[in-house]
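Okay, so here's the structure we're looking at.
The values are calculated or read from the model by the stated rules, or taken from the named source; none is laboratory data. What you see is a predicted model; the values in this text were computed from it and never measured. In this analysis, Cβ positions are derived from the backbone assuming ideal geometry, glycine residues included, and neighbour counts consider all displayed protein chains.
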Amino acid sequence: MRVLHVCSELFPLLKTGGLADVTGALPPALAELGCDSRVLVPGFPAFMSGLVEKKLVAELGSKFGAADVRLYLAKTPDNLTTLYVIDAPDLFDRPGNPYADANNQAYADNYRRFALLGWEAATLAEGLDSTWKPEVVHGHDWHSGLAAAYIKAAEISSGHKLASTVLTVHNLAYQGLFPAHVFGELELPSYFFGMNGLEFFDQVSFLKSGLFFSDKLTTVSPSYADEIQDVEQGCGLSGLLGAKNQDLVGILNGVDPTVWNPEIDPILVSKFSVRSMTGKAKCKTALQEYTGLKVQNEFPLFTIVSRLTEQKGLHLVVDGALEIINRGGQIAILGSGEPEIESAFAALAAKYPESVAVQLGYDEDHAHRLVAGSDVIMVPSRFEPCGLTQLYGMIYGTLPLVHKVGGLADTVTDCSLENLADETATGFVFDNFNVQGFNSAARRAFALFARKTEWKKVQKFAMAQDLSWDAAAQKYFDLYKQIT
Ligand code: ADP
Ligand code: GLC
């Protein structure tokens, strides 16, 4: 089975969020099952300089405003994944964030940049590389949304099937919307711009294109698959998703054990495992020293590792922080994003330096330090398609405190008395999305932390969860088999 993943990020070369963790881990996990998958990415600088063994596949001339477009075949430095990379310097050779300029403004020509990504996927499905032709084209998020449209257009004009298509929605809130007038530049049949196509309230929607034209749709948790069929979380697309309900499935993400694993994590001052937890206490002390927090182990240390956006519900932490501090708890934060959230956290750290530590920015090493050295990881998101940080927390014995929504609801079990009795509890879950709900979960964390034996039991249970990619990869593989 030959599967082409189409995406814009891939860990460790280029990452802005969990999407990269998934596209980095899923192809090797599929390979373990005998599924031959390759990945198509835009030639962003991080890919052009980070990939190895680059070989020219085709010279494609000028396309979507870029001169001298070339397609290369390459490998990740660990040799685990084979990629096609689109070298188009006019569109992709820009430093920093792959989607936006230094002022965080989305690039005005993003529709051309990601049209080229989708178009290139279709040319591979048509047989551009005579040595490898995908049977399934599997796109991730809006960036890949036009791939299925170009494939459909080519199938209609040639009269035969080129490849089956899958789109995974990692986050329905990001849709790739552009003014209607750009449609003329996309080189698609004019009738594709309509309700049965890319049109979305008089705009061009790359995500709707992928949702409409793909054979199968997946999202990254079963609960989110249900939630996005309702108006509240459907971002204007609930009708279409409901209509394609039979072709939509939620498959939970996994954790890459070569990257997130306390037994081998090179960042930790002391490794630990479910069998020997003394290393975790050392990690907590080291983290408190590193961040300038008071060194103590009487009360829990809460952490946040997150994009600081409205999605993540972090205003609940800002509003609930004082209650945590007054109970003797501490909060260590790593994140970057919306200026109001950044400054609210910075103000807390300035006022309570022994209790709150904030690092603004993106820092992979510090993320590992925080996940390992903390007691509780907070993910109080308003909505969360899957969420990976709560899974990383569980693997490191750092119990998640989460809002009961999306993938958070599917992966964390609350420490209620009955769940403690059944030995199924893995964290602290609140239902009401307000500060009272958040505070009640935080109070449960304090109460459990005070009962050391019970805390350890829950930690062990969380650490023993099977969060590997094996089950998810098998589900994707089964889905590919259904459509080929
Ligand atoms: P999302 O994709 O919505 O951002 P996830 O929980 O799925 O949420 O994935 C977030 C990923 O990004 C995790 O790997 C997390 O460790 C990482 N991350 C988020 N913010 C930062 C940061 N400031 N520095 C380092 N890693 C971060
Ligand atoms: C998105 C979602 C997140 C998910 C990640 C990987 O960024 O916001 O919940 O875990 O994609 O699928």
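Set side by side, the residues GLN459, GLN465 differ, and just one is touching a residue at least 24 places away in the same chain (Cβ under 8 Å), within 22 Å of THR278 (Cβ to Cβ) and assigned to a loop (DSSP other than H, G, I, E, B), which is GLN465. Is it the case, given these coordinates, that SER221 is in contact (Cβ under 8 Å) with a residue 40 or more places away in the chain, within 30 Å of GLN311 (Cβ to Cβ) and of a type in the set (S, T, N, Q)? So SER221 passes the test. If the condition is being within 24 Å of GLY194 (Cβ to Cβ) and surrounded by fewer than 24 Cβ atoms within 10 Å (Cβ to Cβ), then segment 131-159 contributes LYS152, ALA153, ALA154, GLU155, ILE156, SER157, SER158, GLY159.
Across segment 311-332, the qualifying residues are those that are under 24 Å from HIS170 (Cα atoms) and more than 16 Å from ligand 2 (Cβ to nearest atom), and the one among them that is surrounded by the fewest Cβ atoms within 10 Å (Cβ to Cβ) is HIS315. Take the residues in segment 1-12 that are surrounded by 21 or more Cβ atoms within 10 Å (Cβ to Cβ) and of a type in the set (A, V, I, L, M); name whichever of them is nearest to MET48 (Cα to Cα). Per the stated criteria, the residue is LEU10.
Answer with yes or no whether GLY393 is within 12 Å of ligand 1 (Cβ to nearest atom) and on the phi > 0 side of the Ramachandran plot. For GLY393, the condition - within 12 Å of ligand 1 (Cβ to nearest atom) and on the phi > 0 side of the Ramachandran plot - is not met.
Counting only residues that are touching a residue at least 12 places away in the same chain (Cβ under 8 Å), within 25 Å of ALA225 (Cβ to Cβ) and either more than 25 Å from the chain's Cα centre (by Cα) or crowded, with 23+ Cβ neighbours inside 10 Å (or both), segment 176-199 holds 5 of them.
Matching residues to (1) buried (at least 20 other Cβ atoms within 10 Å of the Cβ); (2) in contact with a helix residue (DSSP H, G or I) (Cβ under 7 Å, 6 or more places away or on another chain):
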{"residue": "GLU59", "(1), (2)": "no, no"}
{"residue": "GLY65", "(1), (2)": "no, yes"}
{"residue": "TYR72", "(1), (2)": "no, no"}
{"residue": "THR82", "(1), (2)": "no, no"}
{"residue": "PHE92", "(1), (2)": "yes, yes"}
{"residue": "ASN97", "(1), (2)": "no, no"}
{"residue": "GLN105", "(1), (2)": "no, no"}
{"residue": "ARG112", "(1), (2)": "yes, yes"}
{"residue": "TRP119", "(1), (2)": "yes, yes"}
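Screening the candidates SER37, SER49, SER62 for the property of being of a type in the set (Ser, Thr, Tyr), more than 30 Å from THR389 (Cβ to Cβ), more than 16 Å from ligand 1 (Cβ to nearest atom) and modelled with pLDDT of 95 or more yields one hit, SER62.
Can you work out which of the residues in segment 249-271 that are surrounded by fewer than 20 Cβ atoms within 10 Å (Cβ to Cβ) and in contact with a strand residue (DSSP E or B) (Cβ under 7 Å, 6 or more places away or on another chain) is nearest to LYS460 (Cα to Cα)? Here the answer is GLU263. Taken over segment 226-246, the criterion of being in contact with a Leu (Cβ under 7 Å, 6 or more places away or on another chain) and either within 16 Å of ligand 1 (Cβ to nearest atom) or on the phi > 0 side of the Ramachandran plot (or both) is satisfied by ILE228, CYS235.
Every condition in (1) away from ligand 2 (no atom under 16 Å from the Cβ); (2) buried (at least 21 other Cβ atoms within 10 Å of the Cβ) is met by VAL305 except one, and the failing one is (1). Among the residues of segment 311-342, write down those that are among the acidic types (Asp, Glu) and either more than 12 Å from ligand 1 (Cβ to nearest atom) or assigned to a loop (DSSP other than H, G, I, E, B) (or both). Selection gives ASP319, GLU323, GLU338, GLU340.
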